[in-house]
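What follows is one structure encoded as structure tokens, with my remarks underneath.
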Amino acid sequence: MDFKFIPGDIPLPLPTGGLEFLHYIFHGLLVVSWVVHILFINVLLGASLASVYFNKRGARENNPILDRVAYLLTTPVTISENMGALWGVAPLLLISVLYTPLFYSASLMNSPQWLHIIYGNIVAFLCSYLYKYSWNTLRENKGLHITIGTMSVLLFYTLPPVFMATVQLYITPSTWNHGQNFWDALFRADTLFRLAHFYLASFAVSGVFMLLYGYFKRKSSDATDQAAGAILIRTGKAWFIVPTVLNFFIGPLALFHFPNYGLEAFFNHGYHWGILLTVLLALYAIHILVKEFKNDDIPPTKVWKVVIIMVVAIVTMASIRHGMRVALVSPVMAASVAKSEAFQKEAKEAYEAAKQSHLPSTTGPRGRILAEQHGCLGCHGERERVIGPSYAEIAKRAYTPEKILALVRQPVPSNWPEYAQAPMPPMATVPEAELREIANWINGIK
Amino acid sequence: MFDYPIFDMPLIGHRLLFAFDAIIHVFISHGAAVGGSIVLALAQYFAIKDNDHKFDELAYKILFTFFILATAVGALTGIGIWVHVNIINPAAIGALLRVFFWKWFVEWIVFNIEMVFLLWWFLTWQKYPLGTPGKRFHFKLGATYAISSWFTMAIITAILGFMMTPGNWLKSEFPARPDYLASLFNPSWFPSLGFRTFFSIGWAAAAAMVLTWFFTKEDEALREKAIRFFGKILWVSVPLFLLFGYWYYTQFPQAAKDLFAIGAVTRNLASNPILPWMLNLVLAAIALLGGILLYTNPKKAPLAVAIALMVGCMGLLAEFERVREFVRKPYIIYGYMYANGVRVMDVPVLNRDGFLKRATFVPDELKTVTASNKVVAGRALYEMQCRYCHTINGVNAIKDRVKNWDEKAIYSRIGSLNSSATPFMPPFTGTDAERGALAAYLASLNGPAAHAVQH
């Protein structure tokens, strides 16, 4: 595989302290923390949408039970937005340390849109808090309340495209181009199919969550909560089944849009068996829920069975996903490390050569050498004007060394009106003794 | 930056946006999270001791404000700092991550504890009313939150301290091998941690005084009690953070101390040695005056007094962060990496062989400077080496900096960027031909061809 760009790796060792097995721990942590993160985000997307939906229906049908369902759903939103962000930090940390040059390059190509994950997120958070904590205040003003809720949902839904475009871009460095930008990365078949797959999976996971949440609410002593629980259970089943079936079709489309060398490695490693396993598990969960579709009091063993099956399926998918990532980035990362090492070798040579020849570049009187070191010669030529007057010119004014010292510490641009557009900056740090030598050298110029 | 593509934020420059994110994060994380958790846990402790329902309720109201700010804005702007730095200076954050990975990882675990206990403490406050035995347990949730949020600050402070005073952290230069313990226990860690801790507590106490002013309009007795309570915390923390602040200052490298005056104001204003002091004294006076007036006369103090206290503290905090960032220049990791991402140790090879040659994302036709590509190649050099601090025609506009100079003068000046006149700039790195290309590009900004190149 040819890569147009191979950024060099960071020239510091990976933080394993020489313990090879830590590499496996990095990868394990990456998969696990990513799964937790994404489950929170799935629930955030599903529950925030469902809350606004039930809020609106409750207002239209004047149905307090639907209103309760909507309100109950704000608790998982608060928890999952906070925990989702928090658990996103761990994968970000791991990816930044394992695949630094690829991930950071992709974030740069996708900027400034990449910053939306911060600023868009903050506004979404604030809207969602406003939505939750104004529930009673705005009871009489549902239109406004639902508008606030809708805003937060819309904002939350704009975040996954930004993430997906960056993730897809960094794991496919073979697709990078000059002038690569965010919109190119977003409107690519692979990104779009993965995004569709992700949104559908979010609904499916939220379905399982609502099933579980409803099951607990059914056990509540409060009659409204009980009725709300039944609605959550019903909704949960439908939200799980329909998107999961759709994903059987979207999934392969996403997979086959990956670059060929990645697909080859994918099949060579036998990852497709993992996909088969996931599909079978999902089919089994669908089977259970279809059989209990009409039953609001679905037995707890079946609820837990579905939850466990789906956790196994998701961890399997996440491992396959990570396998694909490794297949795609490994060749580039190897080249990147090699490039960095080769560069360091040359850098070392040049560094040591420079240390050997420690002579300043100028020869001549010490005052001149000091003037060079302190950057005076950047602005003053010995005989020609540069940014300031030439020293020959200054020497004509016959300043005492004390006067020159004072003028360098505190210039008086009005002495040279011709140069007033870019006056000399005050220089407080040039040592007095050295400045005297420079002054004497200046005054010696004829 | 030669390993990465470039993102150039026009006019304001990315650094200003970053500063905006960072300063908001500091206001909130120091005030609402670290200091806030300590101050409010103390308030709850005394509310339980005195069985004072009104004070307990007031503490909850203040926590509500802090909670919204800390979770929606504080935490996200914290992640934002990271995202911004990975755009502005990927080489630097990449290096910091390799040195501090495990500390960051531990910080993340503690951050989890912090978040869980914050949610738990806040969401169950009313579930454990005052006077019930559960309330003591509830106080422990707050105390755990306070301890864990302080701990996350302790680790981040170590990283910031490292950037300024890395100490003897490199066991070998080629290949670079960090000494992980020395990096952590760098010379300014403890003093800066003490400084930030007591500043946070004082700032949170001040913020709580201001919020009390708003929340107790109808209850003067409560107002007096609460403002005096938070006020005492403020007065205790002021001398402590001054003390630690002085210790912190003594740890700075001399070159950084020399930059204090410029960092405090601007280069032009700093030529008047009084001004930097004036600015900080005025801010401190505003804060102190507001605090004293509010403290001595809580019942009658007008809104302006509360606002003065708030603004004074925020001004001082912002000023501190600005100075700290500025005096570290020209480095981002002191002595190891310049602010523009060039490692000090790599300068000789880049000067010998050329900078563009190494730049991964620069098109091949620009890798060697020729008469025809000079200006475009110069632009690439500007983007990789100068864009970090300058914009073309906005904040710290390079176009204005070179306004009256011809190409020859610019060429001469950029040979000594890192010298006594401008010690805060890194040196230009590259071959003589590249220096010429950069000069040609900078000259073109004000020249007749200006519009052609600026696209």
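In segment A:410-422, what count of residues is obtained for those that are surrounded by fewer than 16 Cβ atoms within 10 Å (Cβ to Cβ) and at the interface with chain B (Cβ under 9 Å from one of its Cβ atoms)?
Residues meeting the conditions: 2.
Can we say residue B:378 is touching a Phe, Trp or Tyr at 6+ places or on another chain (Cβ under 6 Å) and assigned by TED's automatic domain parsing to the domain that holds residue B:418?
Criteria met by residue B:378.
Does residue A:107 satisfy the criteria of being more than 19 Å from residue A:48 (Cα to Cα) and either among the β-branched types (Val, Ile, Thr) or in contact with a Pro (Cβ under 7 Å, 6 or more places away or on another chain) (or both)?
Spelling it out, it is not the case that residue A:107 is more than 19 Å from residue A:48 (Cα to Cα) and either among the β-branched types (Val, Ile, Thr) or in contact with a Pro (Cβ under 7 Å, 6 or more places away or on another chain) (or both).
For segment A:133-166, enumerate the residues that are within 27 Å of residue A:200 (Cβ to Cβ) and in contact (Cβ under 8 Å) with a residue 60 or more places away in the chain.
Of everything in segment A:133-166, those that are within 27 Å of residue A:200 (Cβ to Cβ) and in contact (Cβ under 8 Å) with a residue 60 or more places away in the chain turn out to be A:146, A:149, A:150, A:152, A:153, A:156, A:157, A:160, A:166.
Got at least one residue in segment A:300-316 being over 30 Å from residue B:172 (Cα atoms), in contact with a Leu (Cβ under 9 Å, 6 or more places away or on another chain) and of a type in the set (Lys, Arg)?
Yes, because at least one residue in segment A:300-316 is over 30 Å from residue B:172 (Cα atoms), in contact with a Leu (Cβ under 9 Å, 6 or more places away or on another chain) and of a type in the set (Lys, Arg).
All but one of (1) assigned to a helix (DSSP H, G or I); (2) touching a residue at least 12 places away in the same chain (Cβ under 8 Å); (3) open to solvent by less than 10 Å² (accessible area, probe 1.4 Å); (4) within 10 Å of chain B (Cβ to nearest Cβ) hold for residue A:54, so report the exception by its number.
That leaves (4) as the condition not met.
Specify the residue that is farthest from the chain's Cα centre (by Cα); the eligible residues are those in segment A:366-379 that are more than 9 Å from every other protein chain (Cβ to nearest Cβ) and within 15 Å of residue A:408 (Cβ to Cβ).
That would be A:367.
Could you check residue B:20 against (1) aromatic (Phe, Trp, Tyr); (2) part of a helix (DSSP H, G or I); (3) touching a residue at least 60 places away in the same chain (Cβ under 8 Å) and say which number it fails?
The one condition residue B:20 does not meet is (3).
So which of A:97, A:36 ends up being aliphatic (A, V, I, L, M), open to solvent by 40 Å² or more (accessible area, probe 1.4 Å), touching a helix residue (DSSP H, G or I) at 6+ places or on another chain (Cβ under 6 Å) and within 11 Å of chain B (Cβ to nearest Cβ)?
Only one candidate qualifies: A:36.
Only residues in segment A:342-358 that are under 14 Å from residue B:343 (Cβ atoms) count as the first member; pair them with residues that are in a helix (DSSP H, G or I) and open to solvent by 70 Å² or more (accessible area, probe 1.4 Å), Cβ under 9 angstrom, at least 6 apart or cross-chain, and list the lot.
Cβ pairs passing all conditions: A:346/B:352; A:350/B:352; A:354/B:352.
Yes or no: segment B:24-45 includes at least one residue that is in a helix (DSSP H, G or I), hydroxyl-bearing (Ser, Thr, Tyr), under 29 Å from residue B:128 (Cβ atoms) and open to solvent by less than 10 Å² (accessible area, probe 1.4 Å).
Yes.
Can you run down the residue pairs with Cβ atoms below 7 Å, 6 or more apart or on separate chains, where the first is in segment A:421-446 and closer than 15 Å to residue B:271 by Cα and the partner is surrounded by fewer than 18 Cβ atoms within 10 Å (Cβ to Cβ) and of a type in the set (A, V, I, L, M)?
none
Could you grab me the full set of residues in segment A:132-154 that are within 12 Å of chain B (Cβ to nearest Cβ) and either at positive phi or surrounded by 15 or more Cβ atoms within 10 Å (Cβ to Cβ) (or both)?
A:132, A:152
Take residue B:94 and tell me if it is touching a Cys at 6+ places or on another chain (Cβ under 9 Å) and either crowded, with 17+ Cβ neighbours inside 10 Å or among the hydrophobic types (A, V, I, L, M, F, W, C) (or both).
Taking the combined requirement at face value, the residue does not satisfy it.
Please enumerate the residues belonging to segment B:262-290 that are part of a helix (DSSP H, G or I), open to solvent by 40 Å² or more (accessible area, probe 1.4 Å) and of a type in the set (A, V, I, L, M).
B:269, B:275, B:278, B:279, B:281, B:282, B:285, B:286, B:288, B:289
Kindly indicate whether any position in segment B:399-408 is open to solvent by less than 50 Å² (accessible area, probe 1.4 Å), part of a helix (DSSP H, G or I), at the interface with chain A (Cβ under 9 Å from one of its Cβ atoms) and without any contact (Cβ under 8 Å) to a residue 60 or more places away in the chain.
Among the residues of segment B:399-408, not one is open to solvent by less than 50 Å² (accessible area, probe 1.4 Å), part of a helix (DSSP H, G or I), at the interface with chain A (Cβ under 9 Å from one of its Cβ atoms) and without any contact (Cβ under 8 Å) to a residue 60 or more places away in the chain, which makes the answer no.
Hey, among the residues in segment B:172-207 that are part of a helix (DSSP H, G or I), within 14 Å of chain A (Cβ to nearest Cβ) and touching a residue at least 40 places away in the same chain (Cβ under 8 Å), which one's surrounded by the most Cβ atoms within 10 Å (Cβ to Cβ)?
B:183
Of all residues in segment B:117-155, count the ones that are within 14 Å of chain A (Cβ to nearest Cβ), over 22 Å from residue A:76 (Cα atoms) and out of contact with any Ser or Thr (no Cβ under 9 Å at 6 or more places or on another chain).
So the answer is 1.
Filter segment A:162-204 for residues that are crowded, with 20+ Cβ neighbours inside 10 Å and either acidic (Asp, Glu) or outside the structural domain of residue A:246 (by TED's automatic domain parsing) (or both) and give the result.
Within segment A:162-204, A:190 is the sole residue that qualifies.
Quick one: which residue in A:49, A:29, A:44 is of a type outside the set (Val, Ile, Thr) and either outside the structural domain of residue A:312 (by TED's automatic domain parsing) or in contact with a Ser or Thr (Cβ under 6 Å, 6 or more places away or on another chain) (or both)?
Answer to the check: A:44.
For residue B:345, only one of the following conditions fails: (1) in a helix (DSSP H, G or I); (2) away from every other protein chain (no Cβ under 11 Å). What is its number?
In the conditions (1) in a helix (DSSP H, G or I); (2) away from every other protein chain (no Cβ under 11 Å), residue B:345 misses (2) alone.
Hand me the list of helices (runs of 4 or more DSSP H) wholly inside segment A:175-272 holding 2 or more residues that are of a type in the set (S, T, N, Q).
The helices (runs of 4 or more DSSP H) meeting that bar are A:189-218, A:223-255, A:260-268.
The values are calculated or read from the model by the stated rules, or taken from the named source; none is laboratory data. Quick caveat, the model's predicted, so the values are computed rather than measured. Positions of Cβ are backbone-derived with ideal geometry, glycine not excepted, and every protein chain shown enters the neighbour counts. Side chains are part of the model used for accessible areas, which takes the heavy atoms of the whole protein and leaves out ligands, DNA and RNA. Shrake-Rupley method; radii C 1.70, N 1.55, O 1.52, S 1.80 Å.
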